[in-house]
Structures are given as structure tokens and as C-alpha cells.
Amino acid sequence: MRLDKIVKGGQVVTPAGSFTGDVGIAGERITALGADLAPGQGARIIDAAGHYVLPGALDVHVHLELPFCGTVSADDYRTGTRAAARGGVTTVIDFAIPYAGESLGQAADNWLRKAEGKALVDYTFHICITRWQEHRDQIAGMIERGFTTFKEFMIYQSEGWQSDDRALFGTLEAMREHGTMLLVHAESARVLDELIARHHTPEQMARYGARLHPMTRPNFVEAEAIQRAVQWCEATGGQLYIVHMSTAEGAEIVRAAQGRGVPVLAETCVQYLVLDDSVFEREDGHLFACCPQVKKPKDVERLWQGLRRGEVSVVSTDTCTFSRAQKATWNGDWTKIPMGLPGLETLLPLAYTHGVQRGRLTLEEMSLKLSTNPARIMGLYPRKGAIQVGADADLAIIHPTNTRMVDPAAMETNADWSPYQGWELAGFARTTLSRGEVIVDDYAVVGREGRGQWLPRRSAGLEAGRPAAAAAAAGW
Ligand code: URP
Ligand code: ZN
Ligand code: ZN
């Protein structure tokens with residue numbers, strides 16, 4: 001087959017191992033891999049000598065233009081996916097959340113409209129179930145439309161998002177029936193509310209400021225909720241995926257459950273791997289409030305261990321950007337800080353610098369956690385997630401050692417700050433390709449907004465090979 005482009009002479013990371021050689025692209029797909037592919041007439045050569053050629057990362061946990069905490073998160077599909085591309089992320093999965101009275105279908109339509117005409121990379125959504133009694137009968141229809149992952153929050157009553165045990169149990173039963181997967185934000189709502197109420201006094205706020213954020217969310221707040229969600233997963237057999245796991249205790253619970261054959265998977269986010277709660281001692285500590293918050297150094301080390309041992313399958317970002325001005329509305333009351341961090345642009349650089357360069361993960365392991373596993377688990381494999389013949393030509397080409405300093409002024413995100421400001425990181429994408437098109441060249445975004453495509457899916461979870469019945473019937 002005639003090749004349009006050849007990515008030449010890089011160290012190419014594939015599921016079968018790494019090799020030094022070429023990736024041949026025809027149209028949107030990878031069509032050849034080899035030691036020295038012959039360029040046909042007119043083929044563009046992309047020199048990758050001295051670079052790693054990785055599958056584009058999938059960030060399967062992002063929130064773009066999210067109404068949350070009384071404001072709207074500052075990165076939309078334009079800036080968010082430009083940031084993604086510059087960070088070597090070629091697929092994002094956001095969360096479509098129904099607001100008052102809306103159906104699951106309306107939520108998906110709202111999110112499709114947000115992305116339409118703006119997205120630079122490919123995308124899809126997890127569908128959030130916020131009112132189980134109403135939404136339960138809409139699940140099969142969403143699967144028919146090509147959405148195979150659902151989400152429930154165990155907190156956020158004030159946002160109107162909170163699910164109780166009945167909803168979790170019932171949704172997991174439905175996941176089992178359909179062969180689809182439930183993502184859960186696991187924190188213990190009642191205990192959390194109680195701890196917040198105990199500390200929510202003018203004296204405590206004057207004394208502790210933003211440190212009350214970690215003080216009111218001890219590890220057991222996450223651990224109890226993970227334990228309970230795992231219990232319902234075990235009882236129903238429905239596939240469960242714990243989002244943004246941040247604690248050592250969570251990793252232990254998931255590991256033990258997986259050992260018993262319980263169909264639970266876990267994701268952590270890169271902030272839980274590189275930050276700890278000492279950030280709240282800083283004068284601008286309130287900027288770092290995210291939910292759940294970053295934990296202790298022992299949790300950080302346990303999560304890295306979980307990645308190596310396998311109980312942590314995926315690293316994402318939970319990007320939910322708020323500017324300094326948005327964060328400033330807290331006025332000394334930690335319960336009013338818009339919770340979330342920017343992250344899409346720094347996912348791969350942080351995982352590479354703090355994971356691979358520090359010897360915590362091999363290049364192949366990093367690629368598994370950022371690309372192959374997320375694609376498999378979210379039902380996008382083999383189209384996404386690996387450099388192999390037949391897959392979309394989604395590639396991130398990075399230099400092994402060249403670093404860049406994190407400087408929000410020079411970044412694509414709308415954030416005017418970064419949790420990693422001033423950090424020297426390797427692993428920014430010199431070149432990013434999405435479906436065969438160069439969208440980042442020489443570290444600068446060159447792709448056209450609106451070119452990103454919605455990705456229909458027909459499966460999800462551990463049994464990703466088994467298509468969800470409704471999606472299969474609909475022909476996805
Ligand atoms: O702080 C965060 N994570 N904001 C987004 C909402 C969520 O819980 O993921
Ligand atoms: Zn969450
Ligand atoms: Zn989130």
C-alpha cells in the first residue's frame with residue numbers, strides 16, 4: 001500500500017516490545033511497521049531519529065467546560081484539546097452530566113455540542129447517572145448510541161449528582177446485564193459532611209485556611225467508599241472502575257478484590273503520583289484543592305507500586321481547570337474553593353519524567369498505563385491505544401532528555417497557573433499525530449480545531465472483547 005507518511009528512525013513502542021525503525025501511515029491508519037520502510041513518491045518523512053515514538057495517550061478522565069462549584073471550568077474543547085495535543089494526548093473522555101430534569105440522551109447531546117467545531121483530538125463521554133429512578137431505563141438506549149461507560153458520584157449532593165447505594169447496586173446490575181462498565185467517584189458522603197460541619201467555624205478557618213481541605217478528608221473517607229462500591233461490584237458481578245484513586249488503602253482494597261476475581265479496576269491521576277498534601281502549607285495552597293485531594297508521600301509511593309504490580313490500570317488527569325480568579329472566590333472558606341486542577345498538557349511529561357526517568361516505570365509500562373490499558377478498558381482498542389497495523393495513526397513523538405519548563409504563559413490551557421509551575425519536565429510532544437495528521441509540530445499546535453471526532457464504542461471493561469449487546473445490535 002502507498003504510504004503518505006513515514007515516521008522514520010525512532011524508538012517505536014508497541015505492545016510486542018520496542019524497536020528502532022519506522023511507522024508507515026496511509027490515510028488515517030498505521031499500515032506498516034518496519035526497520036526501514038521505503039518511501040513511495042510524495043510520502044512525507046517525519047524524522048524521529050533520537051526520539052521515542054509512543055502511541056498517543058488517552059486521557060479518559062477530563063472535564064471540559066464543566067458547570068461545577070458555582071462556576072464553569074475554564075478549559076473548553078478548544079483550549080482543552082489543544083493542551084491535550086501539545087501533551088501528546090490524542091483521545092479524551094469527558095463526563096456528560098444531566099442537569100435538572102435532563103435525560104441521559106440530553107446530557108450526551110449537550111456535551112456533543114460543546115465539542116462540535118472545537119475539538120482538535122478525538123473524544124467521547126462517560127454518561128453520568130444522577131437520578132437513578134429516572135435514568136435507569138435510559139441505559140440501554142445510550143449503549144445503542146455507542147456509549148458504553150457510565151458514571152456515578154458517591155458525593156456532590158449540592159451539585160445534584162450524588163448516587164446512593166441503591167443506585168450503585170442497581171446500576172452495577174445493569175452493567176452486568178449489558179456487559180458495560182460503571183465508573184465511580186468513591187468518597188463517603190455522610191462522614192465527609194460530618195467532618196466538614198465540625199470544622200466549618202470562623203475560628204478554624206482563620207487558623208487553618210486551605211489546610212482544612214485535607215484535614216476534613218482523611219484517607220478513610222475514600223477507603224470506606226471504595227470498599228462499599230467493591231462490595232456491590234462483588235455482589236452483582238457488574239464491572240466497576242474506581243476513578244481518581246488517591247490512597248494506599250484504596251490500592252489495598254482493589255488489589256485484594258482483584259485477587260478474589262472481583263471485576264474492579266482502578267485509575268489514579270498524575271497529581272496523586274507527583275504531589276502530596278504539603279502543597280496546602282503554601283500561601284497559594286488553596287489553588288491545589290481538587291477532589292479527592294492529594295494525599296501523603298506514603299500514598300504516592302503505594303500508587304506507583306500499584307501501577308507496577310497491576311492493581312492500578314490507568315493514569316489520567318481529572319483535568320478540571322480553574323483560573324486564579326475563580327479559585328480566589330473561596331475568600332478563606334475552603335468549602336467554596338472550585339475543586340480541580342489543569343492537567344492535560346502535563347500528563348505525559350509528568351509520567352515520563354517522574355515515572356520513566358526516575359526508574360519507577362519502564363517506557364513500555366508507561367505506555368500501557370497511558371495508552372493501551374485506557375483504550376482497552378474504555379472499549380477503544382485496537383483502534384486506539386497501540387502502535388500496530390490497522391490502528392489509527394495517533395502518535396506522540398518525544399525526546400528522551402530535552403526538557404521544557406512548565407510555564408502557564410506558554411501553554412495552551414486557559415489556566416493562568418499550574419500545579420507544576422517552574423518544574424523542568426521532559427516528555428512534551430515534539431510532534432503529535434492524530435489519525436495520520438500532524439497536529440503538533442516542533443512543540444507547537446498546528447492542527448485545525450473541530451477536526452476531532454466523536455468515537456462510538458461497543459464494549460467496555462475487562463471483557464472489552466465482548467460487545468455490549470445493545471451496541472452490537474445497533475451495529476457499532
Ligand atoms: O476536583 C475535581 N476532581 N473536580 C472534578 C470533579 C470530580 O470529582 O472529578
Ligand atoms: Zn470525581
Ligand atoms: Zn473528575
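The values are calculated or read from the model by the stated rules, or taken from the named source; none is laboratory data. Remember, it's a predicted structure, so these values are computed and weren't measured experimentally. Methodologically, a virtual Cβ is constructed for each residue, glycine included, from the backbone with ideal geometry; neighbour enumeration extends over all protein chains shown.
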Query raised in the report: Would you pick out the residues in the stretch 352-368 that are touching a Leu at 6+ places or on another chain (Cβ under 6 Å) and not hydroxyl-bearing (S, T, Y)?
Result: G355, V356
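Tell me the residue from T130, T71 that is within 16 Å of ligand 1 (Cβ to nearest atom), under 17 Å from E159 (Cβ atoms) and free of Cβ contacts under 8 Å to residues at least 40 places away in the same chain, please. First the steps, then the outcome.
Values: T71 fails: free of Cβ contacts under 8 Å to residues at least 40 places away in the same chain.
Selected residue: T130, the only one of T130, T71 that is within 16 Å of ligand 1 (Cβ to nearest atom), under 17 Å from E159 (Cβ atoms) and free of Cβ contacts under 8 Å to residues at least 40 places away in the same chain.
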Query raised in the report: Out of (1) part of a strand (DSSP E or B); (2) under 22 Å from M339 (Cβ atoms); (3) in contact with a helix residue (DSSP H, G or I) (Cβ under 8 Å, 6 or more places away or on another chain), the odd one out for H126 is which?
Result: (3)
Requested in this report: Would you point out which residue out of Q106, Q138 is in a helix (DSSP H, G or I), surrounded by fewer than 20 Cβ atoms within 10 Å (Cβ to Cβ) and without any contact (Cβ under 8 Å) to a residue 24 or more places away in the chain?
Outcome: Q106
Report summary line: From the option list E311, E281, E267, E301, single residue qualifying as more than 16 Å from ligand 1 (Cβ to nearest atom), surrounded by 19 or more Cβ atoms within 10 Å (Cβ to Cβ) and of a type in the set (D, E) is E311
Report task. Pick out, from the stretch 229-339, the helices (runs of 4 or more DSSP H) lying fully within it that include 1 or more residues that are in contact (Cβ under 8 Å) with a residue 12 or more places away in the chain and of a type in the set (V, I, T). Result -> 248-259, 270-274, 297-309
Requested in this report: Of the conditions (1) away from ligand 2 (no atom under 16 Å from the Cβ); (2) under 30 Å from A16 (Cα atoms); (3) of a type in the set (S, T, N, Q), Q271 clears all except one; give me its number.
Outcome: (1)
Report task. Considering only the stretch 282-298, state which residues are in contact with a helix residue (DSSP H, G or I) (Cβ under 7 Å, 6 or more places away or on another chain), more than 16 Å from ligand 2 (Cβ to nearest atom) and under 27 Å from G332 (Cβ atoms). Result -> G285, H286, L287, K296
**Report entry** Residue check for E116: among the acidic types (D, E), under 19 Å from the mean Cα position of the chain (by Cα) and either surrounded by fewer than 23 Cβ atoms within 10 Å (Cβ to Cβ) or within 13 Å of ligand 1 (Cβ to nearest atom) (or both)
**Finding:** no
Report task. Specify which of the listed residues (M366, M339) is at pLDDT 95 or above, within 16 Å of ligand 2 (Cβ to nearest atom) and either among the small types (G, A, S) or more than 13 Å from the chain's Cα centre (by Cα) (or both). Result -> M339
Query - Filtered residues of the stretch 317-341 (kept if within 16 Å of M205 (Cβ to Cβ) and acidic (D, E)) - result: D333
Query - Residue that is closer than 23 Å to A74 by Cβ, more than 16 Å from ligand 3 (Cβ to nearest atom) and in contact with an Asp or Glu (Cβ under 6 Å, 6 or more places away or on another chain), where the choices are S323, S316 - result: S323
Query raised in the report: Can you name the number of the only condition in (1) touching a residue at least 60 places away in the same chain (Cβ under 8 Å); (2) buried (at least 16 other Cβ atoms within 10 Å of the Cβ); (3) within 16 Å of ligand 3 (Cβ to nearest atom) that D94 fails?
Result: (1)
Query - Tabulated pairs, the stretch 48-67, first farther than 26 Å from F19 by Cβ, second basic (K, R) and within 16 Å of ligand 1 (Cβ to nearest atom), C-beta under 9 angstrom, 6+ apart or interchain - result: L64/K114; E65/K114
Query raised in the report: So is P382 touching a residue at least 40 places away in the same chain (Cβ under 8 Å), out of contact with any His (no Cβ under 8 Å at 6 or more places or on another chain) and not in a strand (DSSP E or B) or not?
Result: no
